[in-house]
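> What follows is a structure written as structure tokens; I'll ask about it next.
The values are calculated or read from the model by the stated rules, or taken from the named source; none is laboratory data. Treat the numbers as computed from the prediction; the structure is a model and nothing was measured. So basically every Cβ, Gly included, is an ideal-geometry build from the backbone, and we count neighbours across all protein chains shown.
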Amino acid sequence: MTKIETPKVVKKKLFSPIWLLPIIALALGAWLGVKSIRESGIDVRIHFPSATGIDVGKTLVRYQGLTVGKVVDISIDDALQGVNVDLLMDYRSTPFLKDNTKFWLVTPKASITGVEGLDALFSGNYIAIQPGDGNDRNEFIAEDQAPPVAPGSDGLMVQLSSPTLGSLDIGSQIFYRQIPVGKIFSYRLVNDSSILFNAYIQKQYTHLVKQNSQFWNVSGLAVDASLSGIKVKTESLSAILAGGVSFSSDPNGLQAEPNQHYTIFDNKDAAIGGVGFSLLASNADAIQTGASIVFRGIEIGRVTHTHLSDAGVQFDATFDTDYAHLLSGTAQFWVEGAGISTKGIKHAARLLTGSVINFMPGTGEPLAQYPLLDSAPPLHNQPFALTLTANENPGINIGAQVRFKQLPIGSVSAVRFKQDYSGVEYSIDIWPEYQRLISSGSYFIPESALAIDASIDGITVKTRDLDTLTQGAISLIQGKSLTLVKEHSTLALFSSQKQAKEAISQAAQRRITLLSPDGADLSVTSPLYFKKMQIGQVLDVAWQPQSNNFAITLGIDKQFDSLLTPKTVFWRNSALTVDASLRGVNVEVAPLSGAIKGSVSLGLLDSDNAVNRQHLYGSKALALAKATPITLSFPATTKLAAKAAIRYLGHQVGEIEQVKLNDDLSTVNVDAYLYGDYAKAFTRQDAQYFLVDAQISLSGIQAAETLLTGPYVAVLPGNSQHLSQHFIGLTDNPVQLDDGSLQVTLIDSSLGSIRIGSPIIFRGIKIGEIAHYQLSNNGTEVNMRAQIDTRYQHLVNQSSQFWDMSGIKIDVGLFSGAQIETGSLETILTGGIGVATQAVTSSANRLGSNQAFILHDKPQTDWLDWAPNQQPNP
């Protein structure tokens, strides 16, 4: 029977986890919706005069190069006076949208003042934004142009006013001493009577603008033309094209405040002003407003206003600031016009320009008013007489003016030759009030009727008056000394200020004379350099036959006196120096003036040892090596060349500078240098110099390197206490005897294969060599000097026998046959001498100095069997 199971009752859960999914989806959707609404952007409307250059969806809004929005719509405003441009701004731009925020359209624009909006050429027009302060706002009116100060920059804003616009425009530069320091960014008409300019001064120059600064117009060209000459003056090329304004700065003035107002004057003279005073006359027949006040022919002021007073006619006048110091209590003024006489017309220009007011300075404090005289007051003092000398007359005639800073201070009274006709003398009369201007060190130069000064800053053309053109004129250049010149003294009239400065500089230079064997390609005025800076020049180059050298006189500016020490060396500079090696190529080019005229350099050695400061070295390397110059004499057949080495035991100790044939055509003179302090050993009188050249024979090649480098000079040190710089060179190696060796003389009827260096062989071991050979006095035999090494001297004594081992010896007999004797390959080729000793060396048979032995052709049989028991140093 089937068993029925009892059903289980399961309690239903109140919440299922599956419901979490829609809850999470709902929360995420709500967050995304809020985020989308929050970051959807900010709507901003800007009013523009027109939509030119603005495209929907393309024109962006930028701040400091960062895109912060874009144009989404353009519509015509309700008043039909422009367009409304709707922008969608980044939601993060909310803090920037304030009452004083500014928007403007940036488009590329080029003018003579520069290029603006250059980046818009590549990215297209865009709307720029400058954040401001105030309350939140989303509707704005666009600016006509960019603000003058970029966001984040700093500077000074000032206001300038002028009755006319002239050549000024937006972008015209503000100059200080011809340096651009700011620019004009806007202007507008004020009260229909003046133009108000807004200008911006860059931050680094704001300290130059003072409360008492004066501004004046420097636009275009300034031309001053009259019968006395033409003056053309410009500020710069940009000022000519775009206009400009310059200003003055008082070091002691108060700093200008922001937006401070200034007036733009027509020129610098009107801006700077001068010292004001008045003149009183009985009538105004000859003098009118604008009449010039002149002093010694130079305009120093002018009449600014004319009006009646109770005492007569009063002329208000001003002195230019540069001449204000001339005004004094006893100064005198008088009317002066053109003078017509039988000699001609004096001051002809005044027939057109009118009379002027002439002036004579005095002493005491200035007055507020002076009487205006009808004629010049009498002169009571005698002129101060001086004599000027020049090599030739630069066009100065009797009556020519003597001037100081273009003010006449005297005249030329006589022109004549010197007594020896070596030059020209001028007698000049200096007016007494200017006597104190002439001190020791003062000099004079002639003036040019036409002077042109052209540079990138502008062109200045100056012409002098007709008197300068016809009679000439002399200018005084004041000396720095306070010692006044006595009357009738003689001073120099130089041809130009450059020549004067050179002459004064040479007079103040420290002089030093160097010796050079070839003149070093130098000439007078060749520059002297120290670390590529000119510190002097060559004053003279003279040939000295007695020493066979050139004497080169250098002038060194006194401020560099400290460079002349015991460690100072001089060397000639090459126009082009090339140093090529495996490490690279180093090319050094001399300055242009030094390359053309030759030049000299000065250097200082690190070592404290004194060097030859009187010698001009051929190169920098020789000078820094403290090289010692020497001269060698060789036969004319010697094949030496410049740069050949001088060597000692294979080490280079010097070099050849030049080789030249002597007048006798039989010898050559070699100028050479020895390096360093150790060269002292090679300048002793008994030092020996000899030529080393390649020698090719069956035994090999001696000095093989000279096949590539050419011959060189070898040197042996001397022992003499006397030094010399002149030596006679040898063509062959000299005898080199070892003081510690045993020397013997070998005698043979002929030299055979023996050469210098042929070995002395004892039982196959070399114990010495041939040092020298020569014919005997009677010519019947050859004497060979042999030296035995110190350590083998005990092997040779009076019982020794020597024989020639050179070559191959053949002995042919009828019954004995042929016998061939040879030594080693070395003795076959170069020769060699064998030695054998019969007895033990003792004090009785020890060899004396240069004892002689017969050199046998071959050894006897029993010689080869000798074997005494020799002991070193018996």
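> Can you report the number of residues in region 492-517 which are at pLDDT 80 or above, within 13 Å of Tyr443 (Cβ to Cβ) and of a type in the set (D, E, K, R)?
Result for region 492-517: 0.
> Could you run through region 264-300 and say how many residues are more than 30 Å from Gln332 (Cβ to Cβ) and either modelled with pLDDT under 85 or outside the structural domain of Val190 (by TED's automatic domain parsing) (or both)?
2
> Mind counting the residues in region 382-406 that are outside any strand (DSSP E or B) and in contact with a Phe, Trp or Tyr (Cβ under 8 Å, 6 or more places away or on another chain)?
So the count comes out to 2.
> Also, I was wondering about something else. Mind checking which residues of region 288-305 are under 17 Å from Ser375 (Cβ atoms) and in contact with a Gly (Cβ under 8 Å, 6 or more places away or on another chain)?
Ala291, Ile293
> Ile409 - would you say it is in a loop (DSSP other than H, G, I, E, B) and closer than 30 Å to Ile357 by Cα?
no
> Six or more apart or on different chains, Cβ under 8 Å: which pairs go from a residue in region 402-424 that's more than 30 Å from Pro361 (Cβ to Cβ) to one that's of a type in the set (D, E, K, R)? Could you list them?
Arg416/Glu425; Phe417/Glu425; Lys418/Glu425; Gly423/Glu392; Val424/Glu392; Val424/Arg416; Val424/Lys418
> Regarding Arg188, is this residue exposed (fewer than 15 other Cβ atoms within 10 Å of the Cβ), in the same structural domain as Pro251 (by TED's automatic domain parsing) and under 32 Å from the mean Cα position of the chain (by Cα)?
For Arg188, the condition - exposed (fewer than 15 other Cβ atoms within 10 Å of the Cβ), in the same structural domain as Pro251 (by TED's automatic domain parsing) and under 32 Å from the mean Cα position of the chain (by Cα) - is not met.
> Looking at region 149-212, what strands (runs of 3 or more DSSP E) fall wholly within it and have at least 3 residues that are over 21 Å from Ile272 (Cβ atoms) and modelled with pLDDT under 85?
Numbers: elements: 155-162, 173-176, 179-190, 194-202.
Strands (runs of 3 or more DSSP E) meeting the threshold: 179-190.
> Give me a count of the residues in region 654-690 that are of a type in the set (A, V, I, L, M, F, W, C), within 20 Å of Pro711 (Cα to Cα) and surrounded by fewer than 17 Cβ atoms within 10 Å (Cβ to Cβ).
So the answer is 2.
> Output the residues belonging to region 474-509 that are buried (at least 16 other Cβ atoms within 10 Å of the Cβ) and assigned to a loop (DSSP other than H, G, I, E, B).
If the condition is that a residue be buried (at least 16 other Cβ atoms within 10 Å of the Cβ) and assigned to a loop (DSSP other than H, G, I, E, B), then Gly479, Val485, Phe494, Gln509 are the ones that fit.
> Oh, and also: Considering each residue of region 275-300, count those that are on the phi > 0 side of the Ramachandran plot and of a type in the set (Gly, Ala, Ser), and give that number.
Counting residues in region 275-300 that are on the phi > 0 side of the Ramachandran plot and of a type in the set (Gly, Ala, Ser) gives 2.
> Against the condition assigned to a loop (DSSP other than H, G, I, E, B) and of a type in the set (Val, Ile, Thr), how does Thr468 come out, does it pass?
Judged against the criteria, Thr468 is not a match.
> Sticking with this one: Can you name every residue in region 288-308 that is part of a strand (DSSP E or B), of a type outside the set (A, V, I, L, M) and under 29 Å from Ala400 (Cα atoms)?
Hits for region 288-308 are Ser292, Phe295, Glu299, Gly301, Arg302.
> Please work out which one of (1) surrounded by 10 or more Cβ atoms within 10 Å (Cβ to Cβ); (2) within 19 Å of Ile761 (Cβ to Cβ); (3) modelled with pLDDT of 85 or more is the condition Ser824 fails and give its number.
(3)
> Here's something else I'd like to know. Quick check on my filter: what residues within region 832-847 are more than 13 Å from Lys766 (Cα to Cα) and part of a loop (DSSP other than H, G, I, E, B)?
Residues satisfying the conditions are Gln838, Ala839, Val840, Thr841, Ser842, Ser843, Ala844, Asn845, Arg846, Leu847.
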